[in-house]
Structures are given as C-alpha cells and as structure tokens.
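J.: Take this structure, written in structure tokens, and hold onto it; I'll ask about it next.
The values are calculated or read from the model by the stated rules, or taken from the named source; none is laboratory data. Values in this document were obtained by computation on a predicted structure and should not be read as measured data. Positions of Cβ are backbone-derived with ideal geometry, glycine not excepted, and every protein chain shown enters the neighbour counts.
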Amino acid sequence: MESTNTSPHPREFRPHNHDHCISDALAAAENLCQTSGVRLTPARRRVLEILLEGHRPMGAYDVLARLDAEGLGSKPPIAYRALGFLVENGLAHRIERLNAFIACPHPSQDGHAPAFLICRGCGTVAEILATLPGIPDGFQVERTTIEAEGLCSACIGQSA
C-alpha cells in the first residue's frame, strides 16, 4: 500500500501509481493464501489480476469474457468459482448495488468492515474501512454491505 496518505480522498479517486495497487494487493493475496493454507491457482490469480487492473467493478460475465479471450476457459463456472474463492477468502468483494466484483485493496486486514464509495460519473469504486459503532461485545461481524453512491471530486469538477 502507498505510504503516508495525507489526502482526505481515497487513493482510487486521485492520481496515483496504479502499479503499486496491483503489486501490493497481489503480494498480500499470496501471503494470505499461504498463511491460510489455500491455493491461489493460476485461474484464481488471473481473475484477481483482472479485477486489479482498475478501480472499477466487473461483472462475472465480463471476467469470463476476458478469461475466454485469453484461452483460459469459456464456461461460467470457471469465473464464478474463482470469484467465489476470492470473495470467500477476503481477496475481493461483491458490490451488491452493481452486481459486480472488485478486488480488495488490503486483503491482509482480518475482519475489516469495508464500505464502498461508488462514483456514478466515472464508475470508480473506492473501498474505505467502515466503523461500526454500537456493535456489542460478544457479536462478531462477518459481513457488511455499506455502499454509498455519488460523485468523486474529479466528476464534481467536470460538472461545475
């Protein structure tokens, strides 16, 4: 992950070296899989790489089209199994509002509660860590779905 972020805007909504997003997330994914004792097969890794190419969510059929074009398979179960594995292991998230998937930018953070900022202008999605006040002791949150739709600062500037 990029160090010392002093901007109030998530990295996804500002110019940044996207190569760091990809390399950091892949390294964290490999480490997480090794630590958890699960396999990041070539197909799973490729699906993760596809999701990491941008900060935009992709539908399962979009992922499948990419796999098919690369000769890695054309049957829907290939994409759905890989996406299911990635979500189950915290390497990707399903954006309910868009019926799509996005790579997790920080998969090594156990039990984080993500919230998603969805720009309706450019389609970029940023994951932020949500705070869940009022959760009583003795209750472990396993899944959250917090999605906010609006305009990022770049899209607000274009509409002004």
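J.: Every residue in the stretch 46-86 that is assigned to a loop (DSSP other than H, G, I, E, B) and either in contact (Cβ under 8 Å) with a residue 40 or more places away in the chain or in contact with a Ser or Thr (Cβ under 9 Å, 6 or more places away or on another chain) (or both), please.
T.: Gly54, His55, Arg56, Pro57, Gly59
J.: A further question on this structure: Exactly one of these conditions fails for Glu53: (1) over 23 Å from Ala27 (Cα atoms); (2) surrounded by fewer than 21 Cβ atoms within 10 Å (Cβ to Cβ); (3) not basic (Lys, Arg). Give me its number.
T.: Result: Glu53 fails condition (1) only.
J.: Then there is this: For the stretch 4-45, what are the residues that are surrounded by 17 or more Cβ atoms within 10 Å (Cβ to Cβ), modelled with pLDDT under 90 and not in a helix (DSSP H, G or I)?
T.: The one that is surrounded by 17 or more Cβ atoms within 10 Å (Cβ to Cβ), modelled with pLDDT under 90 and not in a helix (DSSP H, G or I): Pro10.
J.: Here's something else I'd like to know. Evaluate the stretch 136-156: report whether one residue or more is out of contact with any His (no Cβ under 6 Å at 6 or more places or on another chain), of a type in the set (A, V, I, L, M) and modelled with pLDDT under 85.
T.: Yes - at least one qualifying residue is present in the stretch 136-156.
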